[in-house]
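Visitor: If you scroll down you'll find the structure; I have some questions about it.
The values are calculated or read from the model by the stated rules, or taken from the named source; none is laboratory data. Worth saying up front: this structure is predicted, and the values here are computed from it rather than measured. In this analysis, Cβ positions are derived from the backbone assuming ideal geometry, glycine residues included, and neighbour counts consider all displayed protein chains.
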Amino acid sequence: MTRIAFLGLGHMGLPMAANLVKAGHEVHGYDLVPAAVEAARTVGIPIADSGADAVADAEVVITMFPAGRHVIAAYQDELLAAARPGTLFIESSTIAVDEARTAHRLAVDAGHRNIDAPVSGGVVGAEAGTLAFMVGGSDEDFEAARPLLEVMGRRIVHCGGPGLGQAAKVCNNMILGISQIAVAEAFVLAERLGLEHQAMYDVVSQASGQCWALTTNCPVPGPVPTSPANRDYQPGFAGALMAKDLGLALQAIEQTGTDARMGRLAQQIYAAFADGEGAGRDFSGIITSIRSLP
Ligand code: NAD
């Protein structure tokens, strides 16, 4: 049994914290938003009066916040000073690689331990305890965190030193954004050439164009009955989240001077999608904006 402070009880954090409670850990939760606090209470997560209160007696602090600025502000403003020396901070939000490294340095300078451990698998994976964790940090801290990550996830990969969990996440999601656009463009081209969706799917899903964006997240209704296209693009993974992750990819592309033209273009396409009707729709709904272009 580990004493855990879980901060950020939103779409992802709430089910992740609930799984830790179910596994017998002593969890003290905290969120700034009263609705998130109420939802957490209803699933039996005890709530602290503040972030500082939640971490004061914890052995492990898990954060699951919207973005890097929330993480760095919370670390600096209250969490690092309130925690006992040597506390293990597991930072699971999706944030920029350099923000993860800043958070790591702040934690270590304050006498704590820290890993970045972003996830993929979405709310469904968080609820089922089947998330994938990509971890950056020392071998020792990775091993200390592993039993808790195994409660919340199924695939746990140690990617290297601080920030490299976020690096893996940003690279994966850049591939995903690009490939979802490629699959959508190919379906629109197929439609205009008179090729049926099912025929196109039957060929490509068994050929070299096969990928997750086609065989799981198929952007047209029919061939994959569970894909968001069959429910008017209810997410799934919302366009706003893809736009956010591609923004982090763009940051990394620019910082490293990488010639990633497809990544840059995908970022522009999803930024425009998320600014318009796509923010709350699954990111495979990009096909409707491709189709609507003259
Ligand atoms: P969310 O907005 O639903 O939840 C974040 C919560 O953090 C909010 O309830 C907010 O009030 C809380 N918060 C912010 N600052 C806080 C502070 N200082 N103290 C306490 N609580 C604070 O977001 P989400 O969908 O749960 O995503 C969380 C992270 O996981 C994001 O970084 C996101 O990019 C990443 N992610 C999300 C998904 C997904 O499908 N939703 C999938 C993979 C990764």
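Visitor: Which residue is farthest from the ligand (Cβ to nearest atom), if the candidates are limited to the range 72-81 and must be among the small types (Gly, Ala, Ser) and touching a residue at least 24 places away in the same chain (Cβ under 8 Å)? Give the derivation first.
Guide: Filtering the range 72-81 for residues among the small types (Gly, Ala, Ser) gives 73-74, 81.
Narrowing further to those that are touching a residue at least 24 places away in the same chain (Cβ under 8 Å): 74, 81.
Values: ALA74: 4, ALA81: 14 Å.
In this case the residue turns out to be ALA81.
Visitor: Considering PRO118, PRO66, which residue is crowded, with 19+ Cβ neighbours inside 10 Å and near the ligand (Cβ under 9 Å from one of its atoms)?
Guide: Of the residues listed, the single one that is crowded, with 19+ Cβ neighbours inside 10 Å and near the ligand (Cβ under 9 Å from one of its atoms) is PRO118.
Yes/no matrix, rows are residues, columns are (1) among the hydroxyl-bearing types (Ser, Thr, Tyr); (2) modelled with pLDDT of 95 or more:
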| site | (1), (2) |
| --- | --- |
| GLU196 | no, yes |
| SER205 | yes, yes |
| GLN210 | no, yes |
| ALA213 | no, yes |
| ASN230 | no, yes |
| GLY236 | no, no |
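To keep it simple, each residue is scored yes or no on (1) outside any helix (DSSP H, G or I); (2) surrounded by fewer than 21 Cβ atoms within 10 Å (Cβ to Cβ); (3) within 16 Å of the ligand (Cβ to nearest atom).
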site	(1), (2), (3)
VAL61	yes, no, yes
HIS70	no, yes, yes
ILE95	yes, no, yes
ALA100	no, no, yes
ALA103	no, no, yes
GLY125	no, yes, yes
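Visitor: Further question on the same structure: Considering (1) closer than 23 Å to PRO228 by Cβ; (2) of a type in the set (Asp, Glu); (3) away from the ligand (no atom under 16 Å from the Cβ); (4) touching a residue at least 12 places away in the same chain (Cβ under 8 Å), say which one ASP139 fails and leave the rest.
Guide: (1)
Visitor: Looking at (1) closer than 18 Å to GLU185 by Cβ; (2) without any contact (Cβ under 8 Å) to a residue 40 or more places away in the chain; (3) under 16 Å from the mean Cα position of the chain (by Cα), can you tell me which one GLY247 breaks?
Guide: All conditions are met except number (1).
Visitor: Of everything in the range 161-182, what is without any contact (Cβ under 8 Å) to a residue 40 or more places away in the chain and either crowded, with 24+ Cβ neighbours inside 10 Å or in a loop (DSSP other than H, G, I, E, B) (or both)? Give them in sequence order.
Guide: GLY161
Visitor: Turning to a different aspect of this structure: Quick check on this structure: which one of ALA96, ALA35, ALA67 is closer than 26 Å to MET242 by Cα, under 22 Å from the mean Cα position of the chain (by Cα) and free of Cβ contacts under 8 Å to residues at least 12 places away in the same chain?
Guide: Every option except ALA35 fails the conditions.
Visitor: Would you confirm whether any residue within the range 16-24 is farther than 17 Å from ILE90 by Cα, of a type outside the set (Phe, Trp, Tyr), in a loop (DSSP other than H, G, I, E, B) and modelled with pLDDT under 95?
Guide: Looking for residues that are farther than 17 Å from ILE90 by Cα, of a type outside the set (Phe, Trp, Tyr), in a loop (DSSP other than H, G, I, E, B) and modelled with pLDDT under 95, one finds none in the range 16-24, hence no.
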